Amino acid sequence: MKLYGYWRSSATWRVRIGLGLKGLAANCEIVPVDLRSAGGGEQRSEAHGARNPMAQVPVLELDDGRLLTQSLAILAWLDAAHPSPPLWPADPWPRARAMEIAEIINAGVQPLQNLSLLQHIKALGGDPEGWSREVIGRGLAACEAKADPTGPFLVGEEPSVADICLVPQMHNARLFGLDLAAFPALLRAEAACAALPAFLDARPERQPDAPAPH
Ligand SMILES: N[C@@H](CCC(=O)N[C@@H](CS)C(=O)NCC(=O)O)C(=O)O
């Protein structure tokens, strides 16, 4: 398989975590797509547009050449094709709750602080950082209200799609200078994830296209 992505893309990061949890990271070649290259980014190239008509990452290419976009669809495919360990709880209610939190982030936060939208806000003379803090803060407050109070993960004893979406979003929150002290359940789940190699190996600074530390 090939994963077309960007080291700092939160949606790509979700897929890296999923591949790691499934033990498939070594079976997947990472193909960097530089979202910040000159000319507006490689995601807008003709070659990438043929992979993803939304001109975004991630894109998963299967061994037979089939292409899949949208991180949650990719995670759902991985989960169906490689059921162990499950990324969604088995019981209907926790399963729906995990998806509920994942969607708060996937639909209610990430698109509102996506690179192209922030570039647009800046071009209009707005304040992309302030806007990002506002929308991420609102979404994380909703996640905090929905999280299991005891954990350790957002929904129960095992990491799920909810935690997979949370961890990159917490990282972005810090990049924008958001104070996370008001979200103890999210910090607890994030710490539980940080103890797992699949989450650690998926971190942006460990990716081949990450800039060298200075
Ligand atoms: N819903 C999509 C979101 C994908 C997305 O927004 N990707 C961002 C990086 S995290 C991107 O490619 N941005 C490029 C741009 O805004 O030009 C998914 O979950 O895969």
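The values are calculated or read from the model by the stated rules, or taken from the named source; none is laboratory data. All figures in this text were calculated on a predicted structure; none of them were measured in a lab. Here the Cβ positions follow ideal geometry from the backbone for every residue, glycine too, while neighbour counts run over all protein chains shown. All accessible areas refer to the heavy atoms of the entire protein, side chains included, with ligands and DNA or RNA removed. Shrake-Rupley method; radii C 1.70, N 1.55, O 1.52, S 1.80 Å.
When region 203-214 is examined, which residues are found to be part of a loop (DSSP other than H, G, I, E, B) and either over 19 Å from Leu24 (Cα atoms) or in the same structural domain as Ala11 (by TED's automatic domain parsing) (or both)?
Matches in region 203-214: Asp209, Ala210, Pro211, Ala212, Pro213, His214.
Of the residues in region 117-163, how many are part of a loop (DSSP other than H, G, I, E, B) and either open to solvent by less than 50 Å² (accessible area, probe 1.4 Å) or in contact (Cβ under 8 Å) with a residue 40 or more places away in the chain (or both)?
10
I need every pair where a residue in region 66-87 that is farther than 16 Å from Glu158 by Cβ has its Cβ under 6 Å from the Cβ of a residue that is among the basic types (Lys, Arg), sequence separation at least 6 or different chains.
Leu67/Arg51; Ser71/Arg14
Table: residues versus (1) modelled with pLDDT of 95 or more; (2) among the polar types (S, T, N, Q); (3) closer than 26 Å to Arg206 by Cα; (4) within 16 Å of the ligand (Cβ to nearest atom).
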position: Lys22; (1), (2), (3), (4): yes, no, yes, no
position: Arg36; (1), (2), (3), (4): no, no, yes, yes
position: Glu42; (1), (2), (3), (4): yes, no, yes, yes
position: Val59; (1), (2), (3), (4): yes, no, yes, yes
position: Ser84; (1), (2), (3), (4): yes, yes, yes, no
position: Arg97; (1), (2), (3), (4): yes, no, no, no
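Step by step: first the residues of region 178-188, then only those that are open to solvent by 40 Å² or more (accessible area, probe 1.4 Å) and in a helix (DSSP H, G or I), then the one that is farthest from Leu140 (Cα to Cα). Which residue is that?
Among them, the one singled out is Arg188.
Would you please name the residue that is nearest to Leu3 (Cα to Cα), looking only at residues in region 61-82 that are small (Gly, Ala, Ser) and more than 16 Å from the ligand (Cβ to nearest atom)?
Gly65
Among the residues of region 164-177, count how many are in a loop (DSSP other than H, G, I, E, B) and crowded, with 18+ Cβ neighbours inside 10 Å.
Counting residues in region 164-177 that are in a loop (DSSP other than H, G, I, E, B) and crowded, with 18+ Cβ neighbours inside 10 Å gives 1.
Against the conditions (1) touching a strand residue (DSSP E or B) at 6+ places or on another chain (Cβ under 8 Å); (2) in a loop (DSSP other than H, G, I, E, B); (3) away from the ligand (no atom under 13 Å from the Cβ); (4) open to solvent by 30 Å² or more (accessible area, probe 1.4 Å), where does Pro89 fall short? Just the number, please.
(4)
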